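Visitor: Before we start, here is the structure in question, set down as structure tokens.
The values are calculated or read from the model by the stated rules, or taken from the named source; none is laboratory data. As the structure is a prediction and not an experimental result, all values here were calculated from the model. All Cβ positions, even for glycine, are placed from backbone atoms using ideal geometry, and neighbour counts span all protein chains on display. For accessibility, only protein heavy atoms count, side chains too; no ligands or nucleic acids. Shrake-Rupley method; radii C 1.70, N 1.55, O 1.52, S 1.80 Å.
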Amino acid sequence: MGLSISKDGKIICLDINEKTSKVAMNFFKKANLDKKINIILAPAIKSLNKFKKDKKKFDMIFIDGDKENYKNYYDLSLELVKKNGFILVDNVLWHGDVADPNKNDRLTNIIREFNSFIKKDDRVEKTILPLGDGVTICRKI
């Protein structure tokens, strides 16, 4: 993403793991993207709520965090993304487990419920790309 955005484009990453963020930042530096990418070390809900309070708007938001908070992340993201902006959500096929009626563990059911919620949400146009672990693409209308 960093290589494809405009010269003045910015990426904000939300993370709570200082160790992996340092590793990521080293790779951003090697790719000469460290001026375009900022990592905020804090719980994502806290950061998203601050963006909301500060009336920040985004062209795109990519969600790939703790699955228990996917709906919370999505609801806040919908408020933060511009009209016709995009929300991408990773892991929505959950290794194919969401389609297996015999899989009923807690996280699989959370992802199923999230997918059902998105399916019914008329505030967005949406599709699931069955690549890797599945990515839902939503466009705010």
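Visitor: Semi-axes of the equivalent ellipsoid for segment 28-109, please: Cα gyration tensor eigenvalues, times 5, square-rooted, ordered largest first, whole Å.
Guide: For segment 28-109, the ellipsoid semi-axes come out as 27, 17, 13 Å.
Visitor: Would you mind checking the tilt of helix 18-30 against the longest principal axis of the Cα atoms of the chain, expressed as 0 to 90 degrees and rounded to 10?
Guide: Long axis of 18-30 versus the principal axis of the chain: about 60 degrees.
Visitor: Calculate how steeply helix 44-53 sits against the longest principal axis of the alpha-carbon atoms of the chain, using the helix alpha-carbon long axis, and give the answer as 0 to 90 degrees to the nearest 10.
Guide: 70
Visitor: So what is the 222 nm mean residue ellipticity for the chain from helices alone, if each DSSP H run of at least 4 adds -39500 (n - 2.57) and you divide by all residues, rounding to the nearest 500 deg cm²/dmol?
Guide: Computed ellipticity for the chain at 222 nm equals -11000 deg cm²/dmol.
Visitor: Give me the 1.4 Å probe accessible area per residue for the chain, excluding ligands and nucleic acids, in Å².
Guide: Accessible surface, normalised per residue, equals 65 Å².
Visitor: A further question follows. Exposed loop trypsin sites (Lys or Arg not before Pro) only (DSSP loop, at most 13 other Cβ atoms within 10 Å): please give the longest stretch of the chain free of them, not including the sites.
Guide: Longest stretch, sites excluded: 58-122.
Visitor: Let me ask another. Could you list which residues have their amide H under 5 Å from that of V81, counting only those 5 or more apart in sequence or on another chain, with H placed in the peptide plane?
Guide: F58
Visitor: Oh, and also: I want the antiparallel fraction of DSSP beta bridges within the chain, as a percent rounded to 5.
Guide: Percentage antiparallel, nearest 5: 50.
Visitor: May I pose another question? If you line up the long axis of helix 106-120 against the longest principal axis of the chain, both from Cα atoms, how many degrees apart are they, to the nearest 10?
Guide: 90
Visitor: Report, by chain and number, residues whose modeled amide H sits under 5 Å from the one on I63, excluding near sequence neighbours (fewer than 5 apart, same chain).
Guide: Residues meeting the amide H criterion: L88, V89, D90.
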